[in-house]
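Report on the structure given below.
The values are calculated or read from the model by the stated rules, or taken from the named source; none is laboratory data. Owing to the predicted nature of the structure, the values given are computational and were not obtained by experimental measurement. Note that each Cβ is placed from the backbone with ideal geometry, even for glycine, and that neighbours are counted across all protein chains shown. Just so you know, the surface numbers come from the protein's heavy atoms only, side chains and all, with ligands and any DNA or RNA stripped out. Shrake-Rupley method; radii C 1.70, N 1.55, O 1.52, S 1.80 Å.
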Amino acid sequence: MSPTTVRRVGLIKPAAATVANPGAGAYAATLRYYKVQMLIHTDGDATKPIMAASELSDAGAFTPSGAGTAARVTKPATVDSATHWRVFGSSDGVTYYQITGHFAVATTTWDDTLGPTAYYLEYGVTAPEVGLH
């Protein structure tokens, strides 16, 4: 290997997710923030170890209308050869918690029906440190 060879060990940082109001209901009009992360699982199987991960995307702030059923998070374009994605949420735009499991990239949306103050209860996992991936 040449001393000028650069090897990237993580995935490219994805774009921010988009968020919208789906359906008709009474989902609280509370400001919240979302970031997404792309992952490659061994053999493309979410039950197997993560081989590579991206940094978290930039944050997207969203306040539901108060007349929808959830906040619908739409996956940004898949980066590299990612097999899965997951969502992190925050009530203050500072501390982010993992609020979903790992979705196959063919799954393009997820409906957040949680209240932002309960994000830490969902998985109890804070976002990875910046620069880790």
What number of residues in segment 46-63 are more than 17 Å from Thr100 (Cβ to Cβ) and either touching a strand residue (DSSP E or B) at 6+ places or on another chain (Cβ under 6 Å) or without any contact (Cβ under 8 Å) to a residue 12 or more places away in the chain (or both)? 5
Counted residues, segment 85-120 - those being open to solvent by less than 10 Å² (accessible area, probe 1.4 Å), of a type outside the set (D, E, K, R) and either touching a residue at least 24 places away in the same chain (Cβ under 8 Å) or part of a strand (DSSP E or B) (or both): 7
Select, from Ser90, Ser81, Ser54, the only residue that is within 16 Å of Leu11 (Cα to Cα), in contact with a Pro (Cβ under 9 Å, 6 or more places away or on another chain) and among the polar types (S, T, N, Q). Ser54
Count of segment 7-43 residues which are touching a residue at least 24 places away in the same chain (Cβ under 8 Å) and in contact with a strand residue (DSSP E or B) (Cβ under 8 Å, 6 or more places away or on another chain): 25
